[in-house]
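Everything on this sheet refers to the single structure shown next.
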Amino acid sequence: MSKKYFTLAEANALLPTLEKELCELQQLKNDLGYKESQLRKMKNAVTQKLQTDTELIFMKESELEFMELEAQLYLSNIHSLGVQLKSIDLGLLDFPALINGEDVLLCWKQGEAEITHYHGATDGYSGRKKLK
């Protein structure tokens, strides 16, 4: 399979869809963290109703597994488009592109209206340069 390259227009056109996916993924990540914390507390709690608690723990573990599968689906959707997710929390997405024959990454951060920067493959977010 050949590497997918995006034009600036193609990458910008995907932003609304990707932002929705990213928001869902961020919410799932937050929910997962909270539910994992709850589950750890339940497992650590000493209780006299062992059977009831075991069933509740099983239900919580099943819920976490489902949420992890859901998160993997969002990640897969993003990656299947050829887009690179660099940070869920910061909402960083990179789009492989060619500028003057050079492999670069068009760089978008959640909250930006459109893509206005790029960087080299090894430069990362801190090496962003303004598109001309």
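Counting only residues that are farther than 17 Å from Lys129 by Cβ and either among the acidic types (Asp, Glu) or part of a strand (DSSP E or B) (or both), how many does segment 73-111 have?
First, pick out the residues of segment 73-111 that are farther than 17 Å from Lys129 by Cβ: 73-85, 87-91, 110-111.
Next cut, either among the acidic types (Asp, Glu) or part of a strand (DSSP E or B) (or both) only: 84-85, 87, 89.
Of the residues in segment 73-111, 4 are farther than 17 Å from Lys129 by Cβ and either among the acidic types (Asp, Glu) or part of a strand (DSSP E or B) (or both).
Specify which of the listed residues (Leu15, Leu32, Leu25, Leu39) is among the aliphatic types (A, V, I, L, M), farther than 18 Å from Pro96 by Cα and touching a Phe, Trp or Tyr at 6+ places or on another chain (Cβ under 7 Å). Don't jump to the end; show me each part of the working.
On the way: Leu15 fails: farther than 18 Å from Pro96 by Cα; Leu32 fails: touching a Phe, Trp or Tyr at 6+ places or on another chain (Cβ under 7 Å); Leu39 fails: touching a Phe, Trp or Tyr at 6+ places or on another chain (Cβ under 7 Å).
Unique residue meeting the criteria: Leu25.
If I ask for residues that are more than 12 Å from Leu18 (Cβ to Cβ) and among the acidic types (Asp, Glu), which ones from segment 67-111 would you list?
Residues satisfying the conditions are Glu68, Glu70, Asp89, Glu102, Asp103.
Being in contact (Cβ under 8 Å) with a residue 24 or more places away in the chain and either more than 24 Å from Lys132 (Cβ to Cβ) or surrounded by 12 or more Cβ atoms within 10 Å (Cβ to Cβ) (or both) is true for just one of Lys20, Lys41, Lys4. Which residue is that?
The conditions single out Lys4.
Pairs, please: C-beta under 6 Å, at least 6 apart or cross-chain, first residue farther than 13 Å from Lys29 by Cα and in segment 55-70, second modelled with pLDDT under 95 and surrounded by 13 or more Cβ atoms within 10 Å (Cβ to Cβ)?
From residues that are farther than 13 Å from Lys29 by Cα, the pairs are Ile57/Met42; Lys60/Leu39.
The values are calculated or read from the model by the stated rules, or taken from the named source; none is laboratory data. Please read these numbers as outputs of a predicted model, since none were measured by experiment. Glycine also receives a Cβ, built like all others from the backbone with ideal geometry; neighbour counts cover every protein chain displayed.
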